[in-house]
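The values are calculated or read from the model by the stated rules, or taken from the named source; none is laboratory data. What you see is a predicted model; the values in this text were computed from it and never measured. FYI the Cβ positions are ideal-geometry reconstructions off the backbone, even for glycines, and counts take in every protein chain you see. Just so you know, the surface numbers come from the protein's heavy atoms only, side chains and all, with ligands and any DNA or RNA stripped out. Shrake-Rupley method; radii C 1.70, N 1.55, O 1.52, S 1.80 Å.
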Amino acid sequence: MSKVQAIRGMNDLLPEQSPLWQYFEGHIQALMSRYGYQEIRTPVLEQTSLFKRSIGEVTDIVEKEMYTFDDRSGDSLTLRPEGTAAVVRAAIENGMLHNQTQRLWYTGPMFRYERPQKGRYRQFHQVGVEIFGLDGPDIDAEAILLTARLWKQLGLNEHVTLELNSLGSNEARSAYRSLLVDYFTAHEDQLDEDSRRRLTSNPLRILDSKNPAMQDLIEGAPQLLEHLDRESQDHFESLKRLLDAAGIAYVINPRLVRGLDYYNRTVFEWTTTALGSQGTVCAGGRYDGLVEQLGGKPTRAVGFAMGIERLVLLLDTLGLVPPELHHNVDVYLMAMSDHGQSQALLLGETLRDALPGLRVQVHCGGGSFKSRMKKADRSGASLALILGEDELSEHTVSVKYLRDDTDQTTLDQPSLVALLTERFPAATEH
RNA sequence: GUGGGUGUAGCUCAGUGGUAGAGCCCCGGAUUGUGGCUCCGGUGGUCGUGGGUUCGAUCCCCAUCAUCCACCCCA
């Protein structure tokens, strides 16, 4: 006997949580629109080769975390493990990068075959931004300002820290990489097992090791920021000045490297200490070489992605969820007996016609009067509208105030609409 | 892939080698047409699954699955 159950690491979003997601997504849509960014939607499935070429053959994501399978014609497809590759593909394919700039955003599910833990799931959701055709630090700053505004709107600004670094040009990064490999190879006996593996896969990652035994060795390693090319240095300095001017606080983290191969120059992360070990809530940077690498004309690009699960969890943990999100009903409308049910349904429709924004729940399913009242209370509604025998014969409705001491009144329909209009002014518009 | 914790009612959790408990939720009543507070009653469990030890296992042992946390990696 096997129970039906969801796939490991893939979660249902339950009604209790969905208002919070809608709240977050609503902020995102409005924010993107205010910065003039346009939404792009791409399929969840792509050719496997797209991710191999962009993320990097030897990264963990490509080597062991992708959901890859052959379709019925034998093509290798992969559920997207991140958003950037697909957006770049779509932008090239649809001719969006010919002498134009693009400021794009997307949201949707991503898939990685990892062990689930707090803030990390096999299907997770990201909101991302990808900007094409702009080379200067000003656009890097804008991307960061946009995220900073979001934190402020959500009340998170006191709880997240901006970490900043520069990886340099692709050439400088690669030169530094060999320097680092030389250094750590010379001290290979002091490397732990993970880092010995990283030596070939992602040597920059060794700098980020959490192993205390290796901290001295890491301290002595060549510094990335001292090996930047001149142009990247200037770019980085300008970015810092722009952030200073905008009053955005940041911490330079020379050990900050991104896991994906395509990053260069500016990289940044917003982190929190409130979520346990999965503290990165938003991360991104420049990927000036990726478009060309995927067959487009050389096009500078910068972008970032944030994890919705982590941000929603953070809002929840910090008690930043507006309490009104939990109320989804304004008025609860009930007949007192099955006899009046038809009238109750009709009155519900009348009210929705008159007040498009009013959230009306009509009692269904019978039950004693006591239980109907109880459901009215539990619905969170502030008013109960009651249709009993007297009301039905007199064509009136009784209004009972569930959350304050106002006396119950009995009204005709026009007066009821007037009362509701006054009490729920926002409800006159959808 | 590695390590540790946890699986008992819809939810949060007690519990004992001898046939299963509380609180919340839900339903009904005290209160013929009035919720919240209180009181009373009721519904609801193959104790994750499979095997082993035992006269007897929800409890002990093994395996397995799920879940949580951490490592790795990442949003």
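Kindly establish whether residue A:393 is outside any strand (DSSP E or B), polar (S, T, N, Q), surrounded by fewer than 14 Cβ atoms within 10 Å (Cβ to Cβ) and in the same structural domain as residue A:370 (by TED's automatic domain parsing). Answer is yes for this residue.
Taking each residue of the range A:262-284 that is open to solvent by 20 Å² or more (accessible area, probe 1.4 Å) and looking for partners that are near RNA strand B (Cβ under 7 Å from one of its atoms) and basic (Lys, Arg) with beta-carbon atoms closer than 7 Å, six or more apart or interchain, yields A:276/A:118; A:278/A:118; A:278/A:120; A:278/A:310. For the range A:358-382, the set of residues classified as at pLDDT below 95, assigned to a loop (DSSP other than H, G, I, E, B), open to solvent by less than 30 Å² (accessible area, probe 1.4 Å) and on the phi < 0 side of the Ramachandran plot consists of A:363, A:379, A:381, A:382, listed by residue number.
Per the listing A:419, A:385, A:411, A:346, the residue uniquely assigned to a strand (DSSP E or B), more than 24 Å from residue A:16 (Cβ to Cβ) and open to solvent by 30 Å² or more (accessible area, probe 1.4 Å) is A:411. Being of a type in the set (Gly, Ala, Ser), outside the structural domain of residue A:278 (by TED's automatic domain parsing), within 16 Å of RNA strand B (Cβ to nearest atom) and at pLDDT 85 or above holds for only one residue in A:221, A:143, and it is A:221.
For residue A:295, indicate whether it is buried (at least 21 other Cβ atoms within 10 Å of the Cβ) and either assigned to a strand (DSSP E or B) or assigned by TED's automatic domain parsing to the domain that holds residue A:127 (or both).
no
Scanning the range A:299-343 for residues that are among the β-branched types (Val, Ile, Thr) and either open to solvent by less than 70 Å² (accessible area, probe 1.4 Å) or more than 13 Å from RNA strand B (Cβ to nearest atom) (or both), we see that the one that is nearest to residue A:393 (Cα to Cα) is A:331. Look at the range A:9-24: where a residue is polar (S, T, N, Q) and a partner is surrounded by 15 or more Cβ atoms within 10 Å (Cβ to Cβ) and modelled with pLDDT of 90 or more, sitting 6+ places away or on another chain with Cβ atoms under 7 Å, you get A:11/A:121.
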